[in-house]
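Engineer: Mind looking over this structure? Questions follow.
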Amino acid sequence: MSSAVRQNDTQSRFELDVEGQVAFANYRLADDVMAITYVEVPRGLRQRGIGSQLMIGVLEGARTQGLKVRPLCSFARFAVAQHPEFHDLIG
């Protein structure tokens, strides 16, 4: 998992701290599938690749845990589409 991205099991989300703000990706686990339900990047951090960096961390975390990923929100689908090296995780 990207060193800056951390999994917050209590809130069922992955987080990335940048400049005192937190970008996050909410998820739900069911069986061996992690459904990415919502990705939020604070307005001041948008258009800088922060969301993509976060999603790479999410996908690396899913791979490490042996999970499939179901990108339900539009940004998660976009990010996964941009990274074919993670397409094997789609489930």
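Engineer: For the range 45-57, enumerate the residues that are touching a strand residue (DSSP E or B) at 6+ places or on another chain (Cβ under 7 Å) and either among the β-branched types (Val, Ile, Thr) or farther than 18 Å from LEU89 by Cα (or both).
Structural biologist: Residues satisfying the conditions are LEU45, ILE50, GLY51.
Engineer: Filter the range 58-91 down to the residues that are within 22 Å of ASP31 (Cβ to Cβ), touching a strand residue (DSSP E or B) at 6+ places or on another chain (Cβ under 7 Å) and not aliphatic (A, V, I, L, M), then identify the one that is surrounded by the most Cβ atoms within 10 Å (Cβ to Cβ).
Structural biologist: Looking at residues that are within 22 Å of ASP31 (Cβ to Cβ), touching a strand residue (DSSP E or B) at 6+ places or on another chain (Cβ under 7 Å) and not aliphatic (A, V, I, L, M), I get PRO71.
Engineer: If you scan the range 1-56, which residues turn out to be of a type in the set (Val, Ile, Thr) and surrounded by 13 or more Cβ atoms within 10 Å (Cβ to Cβ)?
Structural biologist: Of the residues in the range 1-56, the ones of a type in the set (Val, Ile, Thr) are 5, 10, 18, 22, 33, 36-37, 39, 41, 50, 56.
Correct list: VAL5, VAL18, VAL22, VAL33, ILE36, THR37, VAL39, VAL41, ILE50, ILE56.
Engineer: Tell me which residues, restricted to the range 52-74, are in a helix (DSSP H, G or I), more than 15 Å from GLN7 (Cβ to Cβ) and touching a helix residue (DSSP H, G or I) at 6+ places or on another chain (Cβ under 6 Å).
Structural biologist: Once the filter is applied, which keeps residues that are in a helix (DSSP H, G or I), more than 15 Å from GLN7 (Cβ to Cβ) and touching a helix residue (DSSP H, G or I) at 6+ places or on another chain (Cβ under 6 Å), the range 52-74 yields only SER52.
Engineer: Further question on the same structure: If ALA4 satisfies every condition in (1) under 21 Å from ASP88 (Cβ atoms); (2) in contact (Cβ under 8 Å) with a residue 40 or more places away in the chain but one, which is the exception?
Structural biologist: It fails just one condition, (1).
The numbers here are math on the coordinates, done by the rules we state, and not lab data. This is a predicted model, so every value here is computed, not measured. Quick reminder, even Gly has a Cβ in these numbers, built from the backbone with ideal geometry, and neighbours come from all protein chains shown.
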